[in-house]
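First up is the structure itself, then whatever we jot down about it.
The values are calculated or read from the model by the stated rules, or taken from the named source; none is laboratory data. Worth saying up front: this structure is predicted, and the values here are computed from it rather than measured. Here the Cβ positions follow ideal geometry from the backbone for every residue, glycine too, while neighbour counts run over all protein chains shown.
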Amino acid sequence: MQKTSIYSFLLLLFTLAATAQAPKKPTASEIYHNLQKLNFVGSALYIAAHPDDENTRLISYLVNDVHANTAYLSLTRGDGGQNLIGPELRELLGVIRTQELLEARKIDGGQQFFTRANDFGYSKNPDETFEFWKKEDVLSDVVMTIRKFKPDIIINRFDHRSPGSTHGHHTASAMLSLESFDLANDEKKFPESAKEHGVWKPQRLFFNTSYWFYGSKEKFEKADKSDHVKVEIGNYFPSLGLSNGEIASLSRSMHKSQGFGSTGSRGSETEYLEILKGSKPSDNNLFEGINTDWSRLEGGNEIAAILKPLEENFNFENPSQMLPQLLEVYPLISNLENKHWRKIKLAQLKQLILDCGGIFLEAVSEENEINPNDNLNVTVEAVNRGGNSVALKSIKNAKGKVLWNTTESLPFNNKKNIELTLHSEKNNPSYSSPYWLNEKGTVGMYAAPKNLIGLGETPVFEQIIFELQFGNTVIPFTKDIIYKFNDPVKGEVYRPLEILPKVTASIPEKVLIFADNSSRNVSVIVRAGKDNISGSVSLKHPEGWKIEPSWQAFELSRKGATKAFTFKVTPPNNQSEGYLEASINAENEIFDKELVLIDYDHIPFQSVLLPSEAKVAKIDIQKKGQSIGYINGAGDAIPESLRQIGYSVTTINPSNISEQSLKDFDAIVVGIRAYNVVSDLAFAQPILNKYVENGGTIIVQYNTSHALVTKDLAPYSLKLSRDRVTDEFSDVKFLAPKHPIMNTPNKITEADFEGWVQERGLYFPDEWAKEFTPLLGMKDSGEAQTKGSLLVAKYGKGHYIYTGLSFFRELPAGVPGAFRLFANMLSIGK
């Protein structure tokens with residue numbers, strides 16, 4: 001057993017390190033573990049608001065200890081978060097975080113669902129959340145998921161009774177779950193999903209509480225827990241060679257974009273679940289009183305009589321010995337009247353048959369991308385690495401069309417390769433891009449086809465069905481067609497086969513700021529999605545803007561080739577905002593999408609299609625100074641934005657800072673959360689203070705109060721808080737209207753705070769030395785006014801500025817007033 005556990009552990013590590021989509025080849029111990037899951041007939045659904053909200057320890061416990069069919073419903077895809085691994089934000093960050101969740105579930109063994117809710121950013125209470133989410137639509141998605149997944153128990157991560165004490169999305173997720181618990185059994189509520197999936201009544205609803213919700217461990221220990229269930233989740237699984245805490249940490253560590261790397265835990269650990277609805281079970285048995293064995297299903301006793309002895313007498317040395325019994329039970333499960341459990345248990349059984357039989361099936365395309373209605377060449381591989389008799393009877397496409405039907409036995413360890421040519425039929429949606437981005441949604445909601453709502457990702461379009469014959473039993477096995485290649489460093493790399501447009505175009509600069517009437521050259525890059533394509537490219541533009549030439553012809557001979565085209569863009573005389581949109585006319589079709597590629601080792605390669613556009617803004621803006629030094633923090637696009645309005649920006653390495661190296665800069669800007677993530681700033685701060693004292697200007701953008709590398713981030717005392725203003729439309733009061741930053745070189749007015757996105761700002765200071773002057777007052781509805789969003793202090797000959805305003809969101813979004821205010825900050829003292 002010890003040797004088997006080590007092999008299992010090494011396999012899991014390999015699975016994490018390898019490029020996603022590589023086929024898993026389980027050990028005997030993992031086969032046993034999966035047999036245990038086959039023999040458990042019960043489900044649990046965990047519900048929260050965002051990726052990384054889920055309790056991976058509890059999910060792993062439910063999957064790997066209880067063996068329940070378990071899923072996590074994340075109401076959003078985390079689009080409003082921040083990205084610690086790259087530049088992607090908003091929709092693209094949502095794609096990354098979606099895939100991180102899907103990879104996390106591959107590790108802990110759960111499934112993953114979503115709603116159409118868009119993570120529009122932080123909200124302070126559920127009322128604010130529901131101003132952006134369409135509550136009925138999100139509620140219908142939650143109800144649909146419950147009806148579809150049919151959980152016996154539901155577990156909320158958050159407390160529905162505590163609005164205002166945590167993120168509004170958090171409380172909203174619990175409130176929606178509580179409401180859906182009963183609505184899912186009402187056929188008159190959301191009748192479409194009731195008709196499609198049937199109604200469902202879960203047995204229990206829990207709140208996964210902890211000391212965090214009570215404010216301290218001491219308060220939690222004293223609290224009345226008479227309605228709580230205590231669950232031991234720190235168990236060790238010899239069949240996997242890992243503890244539950246170790247599996248959970250591996251799963252948790254997939255949330256890399258949020259910096260949630262986690263260290264595995266060993267030993268006893270306890271979770272508490274407060275019963276909200278249904279009867280309270282005894283400790284350590286969340287499914288008490290719920291039938292979770294095969295007798296739950298009509299015809300299940302006959303199945304159990306075959307499968308339970310296999311589990312009780314499992315042969316770790318030769319799992320293939322149980323293949324005859326698995327084949328015997330196949331028609332019994334296939335004929336179950338319960339369609340829901342029939343589908344789940346058939347999928348589990350078929351995978352066990354392949355694993356016990358040592359059968360490897362794969363379909364590999366010779367290309368990684370094709371167009372709709374294209375032909376594709378596929379190499380099919382079938383290998384029987386077990387000692388059982390099996391034949392390849394036929395190969396079909398996803399719609400059942402026979403592609404090969406010459407029945408051939410598969411001799412032991414003798415690879416069978418078959419070359420096939422398939423025709424890719426047009427699908428809906430047409431392309432492999434994330435389905436929730438195909439149509440424009442709202443601030444709070446994504447649009448999605450009804451048949452795809454809730455799914456983690458766009459279904460794979462191209463699949464192969466292998467029909468294998470075991471004696472008199474014929475079983476179909478469906479495999480996605482994939483693409484793979486050999487990388488000199490990584491070795492065998494798997495990628496999804498994707499269906500993409502014949503041609504795409506991109507405007508590299510997503511925001512184009514015109515500070516005067518001068519024309520600028522704007523590039524449009526055309527990419528061929530097929531060989532030998534030609535056509536014309538043009539730029540749609542707002543009224544009053546001028547584009548020269550009006551169109552340009554292109555011709556590209558090879559798929560993947562690109563060519564850049566330059567257009568001269570002239571702004572109008574007056575202030576103006578709008579979008580340039582690239583449009584391609586080719587082969588009697590109009591193409592208006594940009595192809596964005598996301599390539600990180602911990603998630604599958606992603607091809608995302610977005611509108612091919614760039615925001616343009618003619619801004620009435622003046623500035624002083626020219627040379628700006630920038631100290632990078634957790635990542636933002638401020639340097640690029642400042643270059644847009646004519647500044648020269650140089651990146652500063654804080655480990656090499658000296659008085660001499662800073663003296664020629666007109667101002668220094670410190671990136672977001674730099675004092676949280678750049679340890680060298682703890683030692684560089686005295687030098688930065690000296691720079692200010694000698695006449696320089698420093699602008700420090702927001703940091704969190706937690707885990708600062710130094711508390712002395714300013715020449716005077718300054719205390720950060722969690723104060724924030726999430727309403728981007730909130731009124732702004734000028735507390736020092738005569739201050740230079742409010743007047744020169746640009747006169748700041750209320751109009752400069754129009755058109756802001758997502759929020760006003762976050763983590764404002766709430767205490768500061770008398771030397772600081774607060775410039776702006778703002779608040780969310782029903783709250784006291786905050787004054788710490790923009791503070792400025794004279795220090796020596798220079799100026800120190802601290803701001804929690806979300807310039808890192810506003811400047812890349814092309815908000816004119818944010819540019820004007822930032823230019824004034826850079827210009828102070830000049």
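A few points about this structure:
- Test: residue in the range 341-351 that is among the polar types (S, T, N, Q) and modelled with pLDDT of 95 or more: yes
- Positions within the range 657-675 being surrounded by fewer than 20 Cβ atoms within 10 Å (Cβ to Cβ) and assigned to a helix (DSSP H, G or I), in sequence order: Glu659, Gln660, Ser661
- Hey, Ala707 surrounded by fewer than 22 Cβ atoms within 10 Å (Cβ to Cβ) and at positive phi or not: yes
- Any hit, the range 759-771, residues being farther than 25 Å from Lys663 by Cα and of a type in the set (A, V, I, L, M): yes
- Any chance Ala751 is more than 20 Å from Val815 (Cβ to Cβ), aliphatic (A, V, I, L, M) and not in a strand (DSSP E or B): no
- Scanning the range 710-735 for residues that are modelled with pLDDT of 95 or more, touching a helix residue (DSSP H, G or I) at 6+ places or on another chain (Cβ under 7 Å) and either assigned to a loop (DSSP other than H, G, I, E, B) or surrounded by fewer than 16 Cβ atoms within 10 Å (Cβ to Cβ) (or both) yields Pro715, Phe734.
- Residue tally, condition closer than 18 Å to Glu594 by Cβ and either at pLDDT 95 or above or of a type in the set (S, T, N, Q) (or both), over the range 433-464: 7
- Selection status of Ser262, more than 30 Å from the chain's Cα centre (by Cα) and at pLDDT below 90: no
- Hits in the range 693-707 - residues which are part of a loop (DSSP other than H, G, I, E, B), of a type outside the set (S, T, N, Q) and under 19 Å from Ser789 (Cβ atoms): Tyr702
- Pick from the range 781-812, criterion in a loop (DSSP other than H, G, I, E, B) and out of contact with any strand residue (DSSP E or B) (no Cβ under 7 Å at 6 or more places or on another chain), ranking: surrounded by the most Cβ atoms within 10 Å (Cβ to Cβ): Leu811
- Among the residues of the range 284-312, the one identified as of a type in the set (Asp, Glu), more than 23 Å from Asn338 (Cα to Cα) and either in contact with a Cys (Cβ under 9 Å, 6 or more places away or on another chain) or loosely packed, with under 13 Cβ neighbours inside 10 Å (or both) is Glu312.
- Residue match in the range 156-175 (condition: touching a Ser or Thr at 6+ places or on another chain (Cβ under 7 Å), assigned to a strand (DSSP E or B) and polar (S, T, N, Q)): yes
Residue-by-condition table, conditions (1) within 28 Å of the chain's Cα centre (by Cα); (2) of a type in the set (S, T, N, Q); (3) not in a loop (DSSP other than H, G, I, E, B):
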| site | (1), (2), (3) |
| --- | --- |
| Glu581 | yes, no, yes |
| Leu595 | yes, no, yes |
| Asp601 | yes, no, no |
| Leu609 | yes, no, yes |
| Gln622 | no, yes, no |
| Gly625 | no, no, no |
| Tyr630 | no, no, yes |
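- Looking only at residues of the range 22-48 that are touching a Phe, Trp or Tyr at 6+ places or on another chain (Cβ under 7 Å), hydrophobic (A, V, I, L, M, F, W, C) and assigned to a loop (DSSP other than H, G, I, E, B), we find that the one that is farthest from Ile482 (Cα to Cα) is Val41.
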